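First comes the structure, then the notes that go with it.
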Amino acid sequence: MITVAGFNTAIDRLVTLDSFTLGEVQRANAVQNYPGGKGVHVAQTIAALGEPVQLVGLVDGPHRNFIARRMSERGVLFHGVEIKDELRQCLALRERDGRMTEVLDPGPLLSRAVRDQLLHTLGRAMDASAALVMSGSLPRGFEADTYAQLTRQGAAAGLPCFVDASGDALRLAVAAMPYLIKPNGDEAAQLLGSAVTGIDAAAALARVLHAGGVARPVVTLGAKGAVGYDGHGAWHAVLQLEHSENAVGSGDCFLAGLVVAQQRGWAFDEALRLAVACGAANALHEETGFVRRADVEALRARVEVTRLSA
Ligand SMILES: Nc1ncnc2c1ncn2[C@@H]1O[C@H](COP(=O)(O)OP(=O)(O)OP(=O)(O)O)[C@@H](O)[C@H]1O
Ligand SMILES: [Mg+2]
């Protein structure tokens with residue numbers, strides 16, 4: 001079983017309009033709500049790829065059934081810790097030309113009791129686990145070193161730990177030497193203080209992260225693919241799509257691919273191939289942070305994986 005700590009569950013509201021003009025009344029063509037947050041994306045993608053997965057995250061009264069039903073349909077065992085406040089909402093305004101404007105709630109401020117309950121629920125879930133994935137922003141109220149502490153706890157229990165975060169939470173987690181991190185170019189630059197301008201810069205950053213104790217650092221570069229280093233080789237993997245519908249959440253699906261490949265004992269270059277296929281499969285359709293297994297299988301054969309020279 002793979003355990004995902006994706007505490008900051010959200011309600012994603014996708015509003016489709018012809019065009020969006022600031023300061024004017026807008027009429028939407030369609031509105032759709034999805035359970036969201038990075039943990040949901042990662043967990044439902046792991047399930048779509050066929051591996052058993054459980055997710056620990058927040059839930060509120062009004063959305064408990066909505067989220068539980070969707071997670072169960074998607075094959076995710078969901079352990080929801082209920083709060084009295086509302087879950088955060090992430091509003092995405094999508095114009096006909098594909099432009100997206102996102103408005104993200106700050107989200108609830110957690111009491112100590114709720115924080116303890118999340119950590120307790122996660123601790124129990126980890127007992128029956130083969131890997132721990134920490135994904136997304138920490139809800140307000142958590143210390144920034146929470147992922148670092150969980151990484152140490154997971155490693156002590158013999159679990160490979162995967163961290164997808166940003167800012168201080170990522171920086172502190174890196175010091176705890178997780179098995180794998182997957183910053184995007186911006187997050188990697190923030191982490192190491194130098195811009196990631198392309199494949200070579202990403203490979204250099206991955207080597208620095210590896211020297212710092214991260215076994216398999218990966219830097220993602222959106223449509224330009226991803227670069228990973230495992231101490232033996234650096235690899236670039238990429239897939240050119242003719243058309244991208246919505247690439248938000250591709251990093252989450254990418255991470256799910258890496259976790260699944262690790263659980264199956266695949267070589268690192270094959271792990272990157274699967275991950276890139278997952279990131280691209282997410283971009284094929286409108287929904288954020290989800291893939292169809294058949295799309296992933298079809299795309300996997302088209303991923304170009306190149307070993308970079310030292
Ligand atoms: N337009 C695209 N075409 C093909 N592949 C893509 C595209 N966008 C993303 N991908 C794949 O998905 C991976 C992750 O994407 P990206 O670098 O945008 O992650 P991210 O910024 O963490 O995304 P998010 O946080 O929204 O999930 C990329 O490395 C790439 O392999
Ligand atoms: Mg990301």
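The values are calculated or read from the model by the stated rules, or taken from the named source; none is laboratory data. Being a predicted model, the structure only gives us computed values, none of them experimental. Here the Cβ is made from the backbone with ideal geometry for all residues, glycine too, and neighbour counts use every protein chain on show. Side chains included, ligands, DNA and RNA excluded: accessible areas come from the protein's heavy atoms. Shrake-Rupley method; radii C 1.70, N 1.55, O 1.52, S 1.80 Å.
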Kindly indicate whether Q153 is surrounded by 17 or more Cβ atoms within 10 Å (Cβ to Cβ) and either under 23 Å from L58 (Cβ atoms) or touching a strand residue (DSSP E or B) at 6+ places or on another chain (Cβ under 8 Å) (or both). yes
Filter the range 176-197 down to the residues that are among the small types (G, A, S), touching a helix residue (DSSP H, G or I) at 6+ places or on another chain (Cβ under 6 Å) and not in a loop (DSSP other than H, G, I, E, B) and list them by number. A188
Residue list for the range 20-47, restricted to those being open to solvent by less than 40 Å² (accessible area, probe 1.4 Å) and either among the aromatic types (F, W, Y) or more than 16 Å from ligand 1 (Cβ to nearest atom) (or both): Y34, A47
Mind checking whether some residue in the range 205-216 is free of Cβ contacts under 8 Å to residues at least 12 places away in the same chain and either within 13 Å of ligand 1 (Cβ to nearest atom) or open to solvent by 30 Å² or more (accessible area, probe 1.4 Å) (or both)? yes
Please find, among V174, V260, the residue that is over 27 Å from G98 (Cβ atoms), within 15 Å of the chain's Cα centre (by Cα) and modelled with pLDDT of 95 or more. V260
Determine whether Q190 is within 16 Å of ligand 1 (Cβ to nearest atom), open to solvent by 60 Å² or more (accessible area, probe 1.4 Å) and either closer than 26 Å to P106 by Cα or under 15 Å from the mean Cα position of the chain (by Cα) (or both). yes
So which residues in the range 126-174 are more than 16 Å from ligand 2 (Cβ to nearest atom), among the basic types (K, R) and part of a helix (DSSP H, G or I), if there are any at all? R152
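Yes/no per residue for (1) basic (K, R); (2) over 27 Å from A261 (Cα atoms); (3) modelled with pLDDT under 95:
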position	(1), (2), (3)
Q44	no, no, no
E51	no, no, no
A68	no, no, no
E73	no, no, no
K84	yes, yes, no
R99	yes, yes, yes
D105	no, yes, yes
M126	no, no, no
A131	no, no, no
Per the filter on the range 276-304, residues over 21 Å from G39 (Cβ atoms), crowded, with 19+ Cβ neighbours inside 10 Å and touching a residue at least 60 places away in the same chain (Cβ under 8 Å) are L299, V303
Among V59, V31, the single one that is free of Cβ contacts under 8 Å to residues at least 60 places away in the same chain and in contact with a helix residue (DSSP H, G or I) (Cβ under 7 Å, 6 or more places away or on another chain) is V59
Mind telling me which of the residues V219, V276 ends up being within 16 Å of ligand 2 (Cβ to nearest atom), in contact with a Pro (Cβ under 8 Å, 6 or more places away or on another chain) and closer than 22 Å to G198 by Cα? V219
Quick check: is even one residue across the range 26-49 within 16 Å of ligand 2 (Cβ to nearest atom), touching a strand residue (DSSP E or B) at 6+ places or on another chain (Cβ under 8 Å) and on the phi > 0 side of the Ramachandran plot? yes
Just checking, how many residues over the range 226-263 are away from ligand 2 (no atom under 16 Å from the Cβ), free of Cβ contacts under 8 Å to residues at least 40 places away in the same chain, under 23 Å from G50 (Cα atoms) and open to solvent by 10 Å² or more (accessible area, probe 1.4 Å)? 0
Within the range 175-187, the residues that are open to solvent by 20 Å² or more (accessible area, probe 1.4 Å) and within 16 Å of ligand 2 (Cβ to nearest atom) are N184, D186, E187
Among the residues listed as G158, G167, the single one being over 24 Å from M1 (Cβ atoms) and free of Cβ contacts under 8 Å to residues at least 40 places away in the same chain: G167
